[in-house]
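Below: one structure, written as C-alpha cells.
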Amino acid sequence: MSSLKKKINNMNLIRFRFWFQIVAFVLIVYGGYASLDLGDKLPTFACVFNSEGTGGKCYIGMLQHDLKNPFEIFTGFAGYAFLISLIMFMVWFWVLNKSWCGFVCPLGTMQDWLTALREKLKIRFSEYSWASRSNIKSIKYILLILLLIIPVMISNSIFGLPKLPNGLSMPFCDICPGRMLIPAFTGNFNQFYIDFSSKTDLVMTTLGMIIVGLFLVGSFIKKRFFCYFCPMAALQYIFSKPALLKLYKDGAKCTKCGDCYRACDMDILEIADDVTNKNLVTEDCILCLKCVAACPEDGCLEANFTGITIFESTKEGFILRMAMNKQKESHE
Amino acid sequence: MSNINHNIESPKEKQNRHKAMEAIKLLNTLREDFKAPIKSMEYFYDLFERVHCKHESLHDGKTKIGTMCIQIPSEIIYALDGVPVRLCNGFYTDDEIGSDLMPQKACPLIKATVGHFASGNFTDKPDIVFSPTTCDQKTKAGTTIESFGYKLIDIDFPRTKESEASREYWRRSVKQFAVELSKFQGKKLNRTDLRNAIKKIGYAQSLYHKLSDFRKKEIVPILGLDVFLVTNAFFFDKIDNWIEATEKLISELEIRAKEKITVTGKASPRIVYTGSPPIFPNYKIPQIIEESDGIIVADETCSSNRMFNDMVAVDEWNIYDMMDSISDKYLKACTCPIFTKNEDRIRRVVQLVKEYKAEGVIYQAFAGCTVYEMEQRSVLEAMEKEGIPILYLESDYSPSQGGQLSTRVEAFIESLKTRRRKKK
Ligand code: SF4
Ligand code: SF4
Ligand code: SF4
Ligand code: SF4
Ligand code: SF4
C-alpha cells in the first residue's frame, strides 16, 4: 500500500495528465461513434453540435434549452424535470469537482495543446495584470446570468420588457468556441458560418466567429485564456463545496515559496499565499493538480477524494519531477 | 635561540596566523571533543584547514563571483561559467580589522566581512562582487568595500515581499544581474547551461534534505555543528567535490542510523537554532549548546537551512520561465528578517520544531544586528503562544564572552530536561 502511495506521489503528473486528457478528449469528442452516451447533463463542454461524435452532452447547452419555456411550465412536471437535471449535473460534477476542467473538458485540453505548442516554440507566455485580474473574475458570472436569463426572456416577458427573439434561444452556444471547434475535430466545419437570416443571428454568429479567433490566439499567448471567462466554471463553482475531490492545503507546512503559483495556469495567488484555509479549490481553479506536483514541501498540498489523500506533494516526488535526482548534465 | 632568524611578521602574515589559530581551534574541537566522530566529516575538516590554515586556493583560473547574502542566484553564476563565493565572514581577526572602519555598534558579521576586504587577504579573491540590498549595514557596506578598489555591483532587493510589485521588481533585478554578469563574463546565458545549473543546485539541495532527514530520527547520528560546517563549505567549495563528499557522508549516516550510533547523550534535548547566522569559525553558540548536552536538530538561518531548503521549480524549461522561477524562489521563500512583515519566519520555526520533534528553540542575534534583534519580540511571543520554550541570546565574535553565555544555555537545557521529566 505505502509503496503504491509513493509511486503515485512520485508520478510525472504532466505526462499523466497529458495522456488522461487525450483519452478524455477521444471519449467526449469521438465516443458517439462507438455509441458512448454519458447523458446530457455533463459538467463539461461535450458539445451538442458535434451531434454524431459526442460521447455525451454539455449541460450548459441543455440548460439554455430547458429554460426556454413559459413560466407556467416550470410549476408542473417540467419543474421537477428541471430540478432533476440540475441534480444530475451536480452529481456528475461532484465526482471530479473542477477536475472536469483540468482533466476532461475538450476546450481546456485544446488550450493546453496550444500552450504546449507555444512552449515548444520558446515563446514566453503573457499574464493578466493584477488590476485586470480582479475585473475579469466577474465576467464569467455575468455570462452565466445572461445565458440563464436570455432564454427565459424568449418565452416570458420579464419586468414588462418585450420578449426576446427566438434567435437567442441558445445565446451562449452562439458565442461558445466549442460549437465551432469541437465538431471541427470530427471533420465537421459546418459551424463556421455567419447567419444573415436575422439581425440577432447576424450579430451573434459574427460574435461567435470573433470569439473563436480570440480563443485560438488568446490561449496561444495566455495559458487557459478562455477558462477565465467560462460560465461553466462559474456554474460549477457554485456547487463546488460539497464535491468529493478536493485540493487541500496544510498552511503550517507552506513556506510561501510560490512554486505552486508559478506552475498554476490560472495564476491563482491564493494557492501560495493563503496559509489559513484548508480547501483551496478557488473559483478559477481547474483542479489540474499542477500545484501539488510543483510543491516541494512534504504533505503541504494534496488531492483528496472523500477524505482519502490520493496524491500529495512530497520532496521526493518534487525532486524526481524536476529531474534533480541525479547529477547528469544534459546537452541538446 | 631558535628565534634569531625570525623575520618580523608582516600584518598579512599576522592576520593569517590569527585566523589559522581560530580555525584550527574549532576544527580540533570538532575532530576530538565529541563522541562517535564521523569519518566522512574529515573531508570538511580538511577543507577548512586547507583554505584557512594552509591558504590553498580552490578556484585558480576560474572567475570568482563574490556574493553577499543568499539572494544572488548561484544558478545564474554557474550557468555563466563563474564560481560563486559567498563572502559573509565569521573570523574575529577580521572583525577587529573591520571595527576600525565601521560604527562601533555595527554587526560583527559585516565588520568581519569589511575587514576581510580591507586586508585584501583572500585565498580566492573575488573578481567581482554582487551585493543585494538586504539589511542596512550590508547595503551600506558596499561603498566601503568599493573604496578599497573592488568591483562591486548593488542588486536592488525589495524589503516587502507580499506585494506583486515586489515580485516584478525583483524579477527585473535578477535579469539585470544576469545581464551585468554576462557582460563581465563575455558569455551569453543559454538554456542548456541554465537548466543544468538549476538541476545541479537542486541535486545539492536534495542531498541537504537527505542529510536533514537523519536529524528527524529519534537517534541523531550527526551534530548540528557538523551540519553547519557542511553547509558553510557550500559557500566556497567546488560544487562537485561538495556533492561527492556529502554523498559519502550520507552513506555513512545510513550505516550509523542502522547501527543506532548516536552523537548525543542519553537525554539530550533537541534544539532548533534560529537567528543571526553561524559562519565558520564563529560557532560559539552552537558549540556551547552541543557541549552542554543539547543537540541541534534543525536551524532557521541563512548560513544553513535557508540556503538549501527552498527549491527552484520550473514549469516551462525555457530561459524566460527559468529566470522567473529563480527570482521568485530567492525572494518569496526567503525568511530573512530584513522584510517588513515576517510571519513566514515564525511559521517556519514552528514547523521545524514539529517536524524535527524539537523541545526548544535558541534564538541568537549578533549584537548590532538590528533586524534580528527587532524580530526577537514577535518570535518570542509566537513561541510562547505555541508553548515552545525559547531562549534569546545576544552574542558577538569575541572569544571572551563564553562563560556567561554557557551558564544561560546550560540552565535552558536543564529546564528542557526537567520539562520532559514532568511531562512523563
Ligand atoms: S456550443 Fe458550447 S455551450 Fe453550447 S453545447 Fe456546445 S459546448 Fe456546450
Ligand atoms: S473553465 Fe470552461 S473552458 Fe475551461 S476547462 Fe472548464 S469548462 Fe472547459
Ligand atoms: S509550493 Fe508548497 S510550500 Fe511553496 S508556496 Fe506553494 S504550497 Fe507553499
Ligand atoms: S490552484 Fe492548483 S489545481 Fe488549481 S488551477 Fe492552479 S495549479 Fe491547478
Ligand atoms: S546578521 Fe543581521 S545585520 Fe548582519 S548581515 Fe545578517 S541581517 Fe544584516
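Bear in mind these aren't lab numbers, they're just calculated from the coordinates by the rules spelled out. Since we're looking at a predicted model, the values are computed, not measured. Here the Cβ positions follow ideal geometry from the backbone for every residue, glycine too, while neighbour counts run over all protein chains shown.
Before anything else, pin down the relative contact order of segment A:13-236: Cα pairs under 8 Å, at least 6 apart, normalised by residue count, whole percent. Could the numbers behind the result be given before it?
Numbers: 325 pairs, mean separation 55.5, N = 224.
Relative contact order here is 25 percent.
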A convex hull over the alpha carbons of segment B:34-107 yields, per residue, a volume in Å³ of 175
Calculated from DSSP helices alone, with each H run of at least 4 adding -39500 (n - 2.57) and the total divided by the residues of the protein assembly as shown, [θ]222 nm to the nearest 500 comes to -16000 deg cm²/dmol
The exposure ranking of B:V51, B:V227, fewest beta-carbon neighbours within 10 Å first, is B:V51, B:V227
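Among DSSP beta bridges lying fully in chain B, give the percent that are antiparallel, nearest 5. Walk me through the numbers on the way to the answer.
Numbers: 0 of 28 bridges.
Approximately 0 percent, going by the DSSP bridge assignments.
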For segment A:244-331, the count of lysine pairs 8 or more apart or interchain whose alpha-carbon atoms are under 23 Å apart comes to 19
For segment A:202-332, averaging the sequence separation of alpha carbon pairs under 8 Å that lie six or more residues apart and dividing by its residue count, the contact order in percent is 21
In order over segment B:100-109: 3J(HN,Hα) from phi, Karplus 6.51/-1.76/1.60, θ = phi - 60°, whole Hz, x for each Gly or Pro, gives 6, 10, 10, x, 4, 8, 5, 5, x, 4
On the formula 1/(1 + (r/R0)^6), with r taken between the Cβ atoms of B:A367 and B:T192 and R0 of 51 Å, the FRET efficiency rounded to 0.05 is 0.60
Classified through the alpha carbon gyration tensor (a ≥ b ≥ c as square roots of its eigenvalues; rounded if a/c is under 1.5, else prolate when a/b is larger than b/c, else oblate), segment A:212-332 comes out oblate
One point scatterer per Cα, no solvent, Debye formula: log10 I(q)/I(0) for segment B:162-251 at q = 0.14, 0.16 Å⁻¹ comes out as -0.73, -0.85
Between the Cα axis of helix A:13-30 and the main Cα principal axis of chain A, the angle (0 to 90°, nearest 10) is 20
Chain B: longest segment with zero exposed GluC sites (Glu not before Pro), where exposed means DSSP loop plus at most 12 other C-beta atoms within 10 Å, is residues B:10-217
Using alpha carbon centers only, segment B:282-335 is separated from segment B:254-277 by a whole-angstrom value of 20
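Divide, for segment B:11-423, the radius of gyration over alpha carbons by 2.2 N^0.38 Å, where N is the residue count.
On the way: Rg = 20.4 Å, N = 413, 2.2 N^0.38 = 21.7 Å.
Rounded to two decimals, the normalised Rg is 0.94.
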Compactness summary of segment A:148-261: radius of gyration and Dmax from Cα atoms, Å, are 19.5, 61
On each of the three principal axes the extent of the alpha-carbon atoms of the protein assembly as shown, given in whole Å and largest first, is 116, 64, 47
Of the convex hull drawn through the C-alpha atoms of segment B:347-424, the volume per residue in Å³ is 98
One checks the Cα atoms of segment B:215-370 and finds Rg and Dmax, in Å, of 16.8, 53
With label points set 7 Å from each Cα along the Cα-to-Cβ direction at A:F189 and A:I238, the distance between them in nm comes to 3.8
Between B:E300 and residues 5 or more places away or on another chain, the pairs with built amide H atoms under 5 Å apart involve B:Y273, B:T274, B:G275
For A:E52 and B:S415, extending 7 Å from Cα along the Cα-Cβ vector and measuring point to point gives, in nm, a value of 8.2
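Only Cα pairs under 8 Å and at least 6 apart count here; give the relative contact order of segment A:273-332 as a rounded whole percent.
Values: 54 pairs, mean separation 14.7, N = 60.
Answer for segment A:273-332 is 25 percent.
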HN-Hα couplings for segment B:294-301 via Karplus (6.51, -1.76, 1.60; θ = phi - 60°), in whole Hz with x for Gly/Pro, come out as x, 10, 7, 9, 7, 9, 10, 9
Classified through the alpha carbon gyration tensor (a ≥ b ≥ c as square roots of its eigenvalues; rounded if a/c is under 1.5, else prolate when a/b is larger than b/c, else oblate), chain A comes out prolate
Whole-Å distance linking the alpha carbon centroid of segment A:206-261 with that of segment A:7-31 is 18
Counting other chain Cβ atoms within 10 Å of each Cβ in B:206-212 and taking the mean gives 3
A correct Karplus calculation of ³J(HN,Hα) over segment B:156-165, with 6.51 cos²θ - 1.76 cosθ + 1.60, θ = phi - 60°, whole Hz and x for Gly and Pro, returns 4, 10, x, 10, 10, 10, 6, 7, 5, 4
Interchain or sequence-distant (5+) residues whose placed amide H lies within less than 5 Å of the amide H of A:D298 are A:K315
Loop-resident trypsin sites (Lys or Arg not before Pro) in segment B:1-94 with no more than 12 other Cβ atoms inside 10 Å, DSSP not H/G/I/E/B, are B:K35, B:K54
